[in-house]
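A.B. asks: Supplied in structure tokens, the structure appears directly below.
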Amino acid sequence: MKRLILLASLLLMPLAHANDLYQQLGEKQGISAIVEEMLYRVGGDERIVHHFDGVDIVQVHELITEQVCDVVGGPCDYQGETMQAAHQGMGITHADFNALVEHLIIAMEKHDVPVAAQNRLLARLAPMYGDITEE
Ligand code: HEM
């Protein structure tokens, strides 16, 4: 019996692991609050705020929340543009990208996201780097 329980928990472990990043970010509500904090900070960052001139920030907030929720395995289905289409022609540099990530990290800190979970989210966003930046 003990063996059976051990086997069952081993089999279920990857499932629990797949979901816990979503949980550690505070689920949809937490992700929404983190993205809001990040965008708020971006709004005060003169290195990158010009990129957002005339942008519908409420919509961008919704879309980034949806996308993050989706990439961390949450119950969301991101329906926005591809990262390449969304950022094409904006001339976003590596420094701009890093500046936004800086704000994301601070936002996650403020919402008590454990460092390991922060790193796991960053690792899921990292492959988008090449599609977003133009340098
Ligand atoms: C990991 C990094 C990033 C992610 C995950 C991300 C994600 C997104 C998403 C989901 C959208 C909405 C796409 C749509 O309209 O369907 C968007 C739009 C936008 N992003 Fe990013 N982005 C990132 C980095 C950046 C950076 C570094 C900048 C500039 C400094 C930036 C500036 C913008 C702007 C200005 C828009 C609005 C475009 C428009 O509505 O015309 N993004 N982003």
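The values are calculated or read from the model by the stated rules, or taken from the named source; none is laboratory data. Quick caveat, the model's predicted, so the values are computed rather than measured. In this analysis, Cβ positions are derived from the backbone assuming ideal geometry, glycine residues included, and neighbour counts consider all displayed protein chains. Each accessible area value is taken on the protein alone, full model and side chains, heavy atoms only, with ligands, DNA and RNA left out. Shrake-Rupley method; radii C 1.70, N 1.55, O 1.52, S 1.80 Å.
A.B. asks: Take residue 104 and tell me if it is within 9 Å of the ligand (Cβ to nearest atom) and either open to solvent by less than 30 Å² (accessible area, probe 1.4 Å) or in contact with a strand residue (DSSP E or B) (Cβ under 6 Å, 6 or more places away or on another chain) (or both). First the steps, then the outcome.
C.D. replies: Details: within 9 Å of the ligand (Cβ to nearest atom): yes; either open to solvent by less than 30 Å² (accessible area, probe 1.4 Å) or in contact with a strand residue (DSSP E or B) (Cβ under 6 Å, 6 or more places away or on another chain) (or both): yes.
Here the answer is yes, as residue 104 does meet what is asked.
A.B. asks: Name the single residue, out of those in the range 37-49 being part of a helix (DSSP H, G or I) and more than 9 Å from the ligand (Cβ to nearest atom), that is most open to solvent (accessible area, probe 1.4 Å). Step through it out loud before you land on a result.
C.D. replies: Start the filter on the range 37-49 by keeping residues that are part of a helix (DSSP H, G or I), which leaves 37-43, 49.
Add one more test, that the residue is more than 9 Å from the ligand (Cβ to nearest atom), and what stays is 37-41, 43.
Values: 37: 38, 38: 7, 39: 19, 40: 177, 41: 76, 43: 50 Å².
Of everything passing the filter in the range 37-49, 40 is most open to solvent (accessible area, probe 1.4 Å).
A.B. asks: Let me ask something additional. Between 64, 92, which is farther than 26 Å from residue 28 by Cβ and near the ligand (Cβ under 7 Å from one of its atoms)?
C.D. replies: Values: 64 fails: farther than 26 Å from residue 28 by Cβ.
The conditions single out 92.
A.B. asks: Only one of these is more than 10 Å from the ligand (Cβ to nearest atom) and of a type in the set (D, E, K, R): 70, 77. Name it. Explain how you work it out, then say what you get.
C.D. replies: On the way: 70 fails: more than 10 Å from the ligand (Cβ to nearest atom).
That would be 77, the only listed residue that is more than 10 Å from the ligand (Cβ to nearest atom) and of a type in the set (D, E, K, R).
A.B. asks: Pairs needed: first member in the range 45-67, more than 19 Å from residue 94 (Cβ to Cβ); second member anywhere, open to solvent by 70 Å² or more (accessible area, probe 1.4 Å) and near the ligand (Cβ under 6 Å from one of its atoms); C-beta distance under 9 Å; at least 6 residues apart or different chains.
C.D. replies: Partner pairs satisfying both residue conditions: 63/81.
A.B. asks: Consider residue 99 carefully, then state whether it is within 14 Å of the chain's Cα centre (by Cα) and in a helix (DSSP H, G or I). So that I can check it myself, show each step before the final result.
C.D. replies: Numbers: within 14 Å of the chain's Cα centre (by Cα): no; in a helix (DSSP H, G or I): yes.
Judged against the criteria, residue 99 is not a match.
A.B. asks: May I ask you to list pairs of residues, at least six apart or on different chains, whose Cβ atoms are under 6 Å apart, with the first in the range 73-86 being over 18 Å from residue 29 (Cβ atoms) and the second being outside any loop (DSSP other than H, G, I, E, B) and within 11 Å of the ligand (Cβ to nearest atom)?
C.D. replies: From the range 73-86, the pairs are 80/63; 83/128; 83/131; 83/132; 84/131.
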